[in-house]
Amino acid sequence: MVIVQPGKKQHTMVVRASSPGSSVSTISRDTSTEPRFVGLLPSLLGTAFRSQTYECFITDYAPHSTETWAGLPTNLSIIPATSWLQAAIAVAPTDPVLNNALTAMALAQVGRMTRRPDLLLVGRKLYTEALSGLNRRLKGGDECFTDTTIAAMQEGSSEGRSKSWQSHVKGASALIQLRGRANFSTPLSNRVFLGAQIAEFIASVGSRKPSANASLWSQACQSTTTDPSFISPLRLFEILHTLPAIMRDAENISPVYIAEERTADSVSDALVSVMQNCHDFETRLTEWYNDLEARYQNDHRGIRPQPNAPLFIDETETTVESKLYWFEPSTLYSRLPRNSAARIFPFFICFPNPDIAFQIMLHWTGLLLMHITLHLTRSRFGQARPGISLPVIGQFKFTNDARSLALLIAQSLEYFVHPDMGLLGTNLIGFPLSSAQRYFQHAGTKEQLWFDVIFQRIGEMKSGLRGFLDDMAQRRTVKLVSPWHRTSLK
């Protein structure tokens, strides 16, 4: 068998039949018009088969210039620190369990892209083999704590398998907790740890329970040896992981859970405590954001500060190129009919690179959920217990509001579904998208129509995100926020 690297106009593959003495057939096709994957040998053991599977997957997955829409003015080479798939694929041939898991994932995506049910079937078989191998490894205990084992466990929590999502998150979390300092020993372990943090955070928000690894980095390995590119997201996640406890405490003082014997003073004290924690949460995230902005601006000017050095933003020297986000004309908006009610955002928010984009989206999402929680707590408290005087809340000054944050998230989604972002972009927006969409749906505002436009674009990309989110919602795997009245957030 001879396989020519994809990407050329003419792609020739020579396939030898399995029977002795059979002739050699040559398949020649134009890859600009036909699926790149036609003609691959369905051999589960073939190195060439896996290699080309990975290459086809990465071609669609990794950010790259496509020249289809207006060019995305961003540095596509700087991928998020939470993105570990490409690093794992590079070492997958050294570990059969990880190799099966990643090949199954790649086949699932390539099968969707090329409408090849046979590839989907092979992918499902490989996924079953990967699970069996992972279970044997966990029972044996010999290789439980390797980078590749945790990566294989983490792959199961990737979008597309909502039924097993929670069990994979719990399994990876337990291994990471037991592994301790070793989670930060290699570039792959750093990326797998950060990739697990987003899944752990979503699960913690859904359960309102703290993550076991919320402070693992600062407790086990905070030092000057940490790769600087990982420090900002590590700090961000440690702040975000305090949100589930705030949401839990806020819901515990909801009138539904307040026993009659509790005094008005104790209820008021509980509300003040929640508000104080919300204020501290916003303050810490604001400080994190200001530090990110200052470091990016100084890095853009060629200044290389020490990791813990205080930085300040010089507004007089701030240019578009040194800002963390700005606005660009929207292609999705321009493609809609002029009379469409979904023509809402003529501009979308653009970022310097995908890494900064994802961090800022998580920052906005955390603040959005916090403000929704705070608003709902105060509203339910005042409506259901009018006889109890509300505490003095003027002392708490917040710099954001739920609607403004939801608008920022909604206007940023086009950046992640731009053709130049590849499928990586859709892997990054599930949580922010769901949070902002729920806000607009329950507020009953027109901005909810924009999400139909986004999901239509996701469908064009043949990403499994829409099905994953729908299935997660039906299974009630996570609860972002408690239900609220449709008009209470306008």
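When the stretch 337-350 is filtered for residues that are more than 18 Å from residue 445 (Cβ to Cβ) and either surrounded by fewer than 18 Cβ atoms within 10 Å (Cβ to Cβ) or free of Cβ contacts under 8 Å to residues at least 12 places away in the same chain (or both), the ones remaining, listed by number, are 337, 338, 339, 347. From the list 81, 88, the lone residue that is on the phi < 0 side of the Ramachandran plot, in a helix (DSSP H, G or I) and crowded, with 23+ Cβ neighbours inside 10 Å is 88. Of all residues in the stretch 260-291, which are modelled with pLDDT under 95, closer than 30 Å to residue 353 by Cα and in contact with a helix residue (DSSP H, G or I) (Cβ under 7 Å, 6 or more places away or on another chain)? Residue satisfying the conditions is 278 alone. Scanning the stretch 48-69 for residues that are touching a strand residue (DSSP E or B) at 6+ places or on another chain (Cβ under 7 Å) and part of a loop (DSSP other than H, G, I, E, B) yields a total of 0.
Residues of the stretch 157-179 include at least one that is within 24 Å of residue 206 (Cβ to Cβ), at pLDDT 85 or above and among the hydroxyl-bearing types (Ser, Thr, Tyr).
Name every residue in the stretch 345-363 that is hydrophobic (A, V, I, L, M, F, W, C), part of a loop (DSSP other than H, G, I, E, B) and over 22 Å from residue 452 (Cα atoms), in order of residue number. Don't jump to the end; show me each part of the working.
Of the residues in the stretch 345-363, the ones hydrophobic (A, V, I, L, M, F, W, C) are 345, 347-351, 356-358, 360-362.
If we keep only those that are part of a loop (DSSP other than H, G, I, E, B) too, we end up with 345, 351.
The one that is hydrophobic (A, V, I, L, M, F, W, C), part of a loop (DSSP other than H, G, I, E, B) and over 22 Å from residue 452 (Cα atoms): 351.
Checking each residue in the stretch 428-458 for being out of contact with any Lys or Arg (no Cβ under 8 Å at 6 or more places or on another chain) and of a type in the set (S, T, N, Q) picks out 434, 435, 437, 441, 448, 456.
The set of residues in the stretch 448-473 being of a type in the set (Asp, Glu) and under 17 Å from residue 415 (Cα atoms) consists of 452, 460.
The values are calculated or read from the model by the stated rules, or taken from the named source; none is laboratory data. Predicted, not measured: the structure shown is a model, and the values here were computed from it. Methodologically, a virtual Cβ is constructed for each residue, glycine included, from the backbone with ideal geometry; neighbour enumeration extends over all protein chains shown.
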